[in-house]
Amino acid sequence: MEKRKTLQKTLKPHWVWAIALGSAIGWGAFVQPVNWMSTAGPLGVILGFFIGALLMILIAVSYGFLIKSFPVSGGEFAYAYVSLGRTHAFISGWFLTLGYICIVALNASAFALMIKFIFPRVIENIPLYQIAGWDIYLTEIIVASILLIVFGFFNIRGSSLSGRMQFIFCMVMVGAILVLTVLVGSHDGAGIANITPLFPTDTTMLAAILSIVAIAPWAYVGFDNIPQTAEEFDFPSRKAFKLIVFAILAAATLYSLMILATSMVQPWEGVVSANHIWGTGFVIEELLGPLGLAILAVALTMGIFTGLNGFIISSSRLLFAMSRAKIIPSFFSNLHPKHHTPYWGVIFAVVIAMLSPWFGREALLWVVDMSSVGVTIAYFYTCYAAFSLFKMKKDAGFNEKRHIEAPGKKIVAILGMIASVIFLILLLFPGSPAFLGIESRIALGAWIVLGIIFFLIKRKDFKDIPRKELNYYILGSKEVELGQTED
């Protein structure tokens, strides 16, 4: 049995918090407010995000316990293995890999979109073709590709550099959002009066709020970057839960401030009906001029940078953990000889994301919408893993090596599973306000089929690894008492 490769412990608590918050607050907080208000209204969006945050915190209880118990790279991949075995570990890891890389790709294309709005003559050069009504320009592809290469380079250079950069970017983003909200709120002609009506007139209040609650797995997906980096914590892993909760609540607040800043400028229904390419950018520039647009551009740029950085980190760590478990090619677990980072995972995530600008923004949005299903599935696995380890009381089936008497936490884990199922129903049930479009469902089906094919190819090799050996590769100990059956 070969020696298990491990990552260096270099990440400080405030860096890890910034990875979670910065990953959650990506391009959407600055590009999507008008679209969100069109379906839920200002108050519907804010309530939806805070309800979603509370549901995420229920799920985070399970994450906090599992990070403390299993501080290893891989996160949900490892937790699914703990509770249900290697087949379910593959399913969880397969969906998460797609979700993370799609978000990397979407952030890169969002940066090109921002440049396109502010400096259209820079981007709208050398037109190539159209996909789903979206014009593809060679310059847009070049801008997104250069950005990905730069962040890939920084991530290969070391997790301490990535963590330090993430914290700086995050603080600049928070400062820009606060300044923008204050400037809009204190400006003549803008104010709270413009946010009425609080909900759309063509739908019910409940449907409006649920349409936002349904995207909570996507809106807060960055908090689960914390378990992906657990192996690199330079602090006790028990602190992870507090960092997650703080990041989720901070994200809900920042989302809400951007909704307020956008809706206070002028009556929001008129902004929605005008159908601007970037509604928030248009109204902010109209009210505050170039200065306001510059502040918004800084906030958006930092949101994109933190999203890119955070999800490149998570993608590479997940690929590293799956490779260490022998489920994907071994080179993904090779560490850089100088910087000790899983550099092949970084390169892979960047190269795959570089394909995205060639397919257009609309096509990519279909895949990202679908990836919300994968993230939600990973949430369910995590809550189930915690549920299987918590016990209501010390009964005949209690095992001191793997069970904890924690009836309250067991109930919260059950609630987390229920929340995950609710999210899945909202995304997959016809008639739901958040039902995936036909394109997203096709993309989901294609990814499932591809995963089945890949698993069937690798199944024999993966199954032949002795259980104790696999425990060692995934969890760092041969003697860990697990709840899964041998599959």
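Sorting the segments 29-35, 289-295, 218-224 by their residues' average number of neighbouring beta-carbon atoms within 10 angstrom, most packed first, yields 218-224, 29-35, 289-295.
Provide the gained length on full extension for the span Ile438 to Leu128, in nm with one decimal, where the gain is 0.36 nm per separating residue minus the Cα-Cα distance. My answer for the length gained is 109.0 nm.
Can you list the lysines whose alpha carbon is less than 29 Å from that of Lys409, not counting same-chain residues fewer than 8 positions off? Output for Lys409: Lys9, Lys12, Lys68, Lys239, Lys242, Lys391, Lys393, Lys394, Lys401, Lys468, Lys478. Could you give the angle, 0 to 90 degrees to the nearest 10, between helix 361-389's Cα long axis and the longest principal axis of the Cα atoms of the chain? Roughly 40 degrees between the two axes. The longest part of the chain holding none of the exposed loop GluC sites (Glu not before Pro), meaning those outside H, G, I, E and B in DSSP with at most 13 other Cβ atoms within 10 Å, is 125-399. Full extension of the segment from Val179 to Asp135, taken as 0.36 nm per residue of separation minus the current Cα-Cα distance, would add 12.4 nm. Neighbours of Ile103 by Cβ distance under 13 Å: Lys/Arg scored +1, Asp/Glu scored -1, total -2.
Excluding Ala208 itself, calculate the net charge of residues whose Cβ lies under 14 Å from the Cβ of Ala208, where each Lys or Arg counts +1 and each Asp or Glu counts -1. Residues near Ala208 contribute -2 overall. Each Lys or Arg adds one and each Asp or Glu subtracts one; over the other residues with Cβ under 14 Å from the Cβ of Leu296, this totals -2. Relative to the longest principal axis of the Cα atoms of the chain, the long axis of helix 33-69 makes an angle of roughly 20 degrees. When the Cα centres of the range 100-130 and the range 28-43 are compared, how far apart do they sit, in Å? Measuring centre to centre over Cα atoms gives 21 Å.
FYI, it's all coordinate maths here, none of it is from the lab. These numbers come from a predicted model, not from an experiment. Note: ideal-geometry Cβ built from the backbone for every residue, glycine included; neighbour counts use all protein chains shown.
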